[in-house]
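Here's the structure we're looking at; comments come further down.
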Amino acid sequence: MSETQEAAPGHPDWRIQPQGDRCLLVILGDSIAEATGRLCLGLARQIRLARWPGVVDVVPSFTTVAVHYRPLPQGGPRFADLAARVRGLLAQGIATDTLAGRDVDVPVCYGGRHGPDLAEAARACGLSEDELIALHGQPGSMVYMLGFAPGHSYIGVHDARLNLPRRDSPRTEVPAGSVAIANRQTVIYPSRLPGGWSIIGATPLVLFDPAREPASLLQPGDRIRFVPIDEAAFDRLRAEQP
């Protein structure tokens, strides 16, 4: 443990450290798992409810919670102040957030023009295309975090048979709505972006709209079910989007 890291109560591996001069990072684990993800959601919720002066954002991820703060004109908050407050919450025990999020069906048109990598991904996983689609649609997937771009959701953790690496050659442009897999996870591209994951389909849903509240359709903690649709349904649902 470095000089800037502090052990946190409640678990021997939990740590608190600065991330730059205006962010505190709470590390609650070292691997992606739903229990750890919901622990992060629970701590983030408790910090938001505390409404500490100067805290401007609280961002949960796979294994960490980032607390962004702006020092106030009269004395605070400082890293040491926030670290003490976070340690106090951890000492009381984190209420694992098992209720956060909604059950969301995400329609996906797999393969064809919407999923150019489906056949290759299935071969790499030792599956038929139908088997890959069935595994991808199994219940139990959760939005762990948003990152990389506004509304860009990281969803998992899928069956071990979908442990596909990233593509050797990333694309400079991936169409909005593309559904892609890698490392037993799914990302849905909210806008046209570069990306190196295998594109197996696309959803007609609008993932990010600045005029909507909240702007991101999917939120951390949402439970996702991928539902296969055909081209006609994709075009109809896309036409219905605002």
Note: among PRO204, PRO220, just one is touching a helix residue (DSSP H, G or I) at 6+ places or on another chain (Cβ under 7 Å), assigned to a loop (DSSP other than H, G, I, E, B) and either surrounded by fewer than 21 Cβ atoms within 10 Å (Cβ to Cβ) or not assigned by the TED database to the domain that holds HIS114 (or both), namely PRO204
Margin query: Going residue by residue through region 86-103, is there one that turns out to be within 15 Å of PRO18 (Cβ to Cβ) and either aromatic (Phe, Trp, Tyr) or open to solvent by less than 20 Å² (accessible area, probe 1.4 Å) (or both)?
Written below: yes
Could you go through region 196-219 and let me know if any residue there is closer than 25 Å to LEU28 by Cα, at pLDDT below 95 and in contact with a Pro (Cβ under 6 Å, 6 or more places away or on another chain). no
Cβ pairs under 7 Å, 6+ apart or interchain, first in region 31-53 and closer than 22 Å to SER141 by Cβ, second surrounded by fewer than 16 Cβ atoms within 10 Å (Cβ to Cβ), ordered by first then second residue, are ARG38/THR98; GLY42/ALA95
* So is ALA134 over 28 Å from LEU41 (Cβ atoms), free of Cβ contacts under 8 Å to residues at least 12 places away in the same chain, surrounded by fewer than 17 Cβ atoms within 10 Å (Cβ to Cβ) and aliphatic (A, V, I, L, M) or not? -> yes
How many residues of region 112-142 are under 15 Å from VAL227 (Cβ atoms), among the small types (Gly, Ala, Ser) and either in contact with a helix residue (DSSP H, G or I) (Cβ under 9 Å, 6 or more places away or on another chain) or at pLDDT below 95 (or both)? The answer is 3
Considering only region 60-77, I want to know if a residue exists there that is open to solvent by less than 80 Å² (accessible area, probe 1.4 Å), over 16 Å from the mean Cα position of the chain (by Cα), in the same structural domain as SER178 (by the TED database) and at pLDDT 95 or above. no
VAL106 passes all but one of the listed conditions (1) buried (at least 18 other Cβ atoms within 10 Å of the Cβ); (2) part of a helix (DSSP H, G or I); (3) at pLDDT 95 or above; the exception is number (2)
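The values are calculated or read from the model by the stated rules, or taken from the named source; none is laboratory data. Keep in mind it's a predicted model, so treat the numbers as computed, not measured. Because the Cβ atoms are built from the backbone with ideal geometry, glycine has one as well, and the counts that use them run over all protein chains shown. Accessible surface is based on the protein model in full, side chains and every heavy atom, while ligands, DNA and RNA are left aside. Shrake-Rupley method; radii C 1.70, N 1.55, O 1.52, S 1.80 Å.
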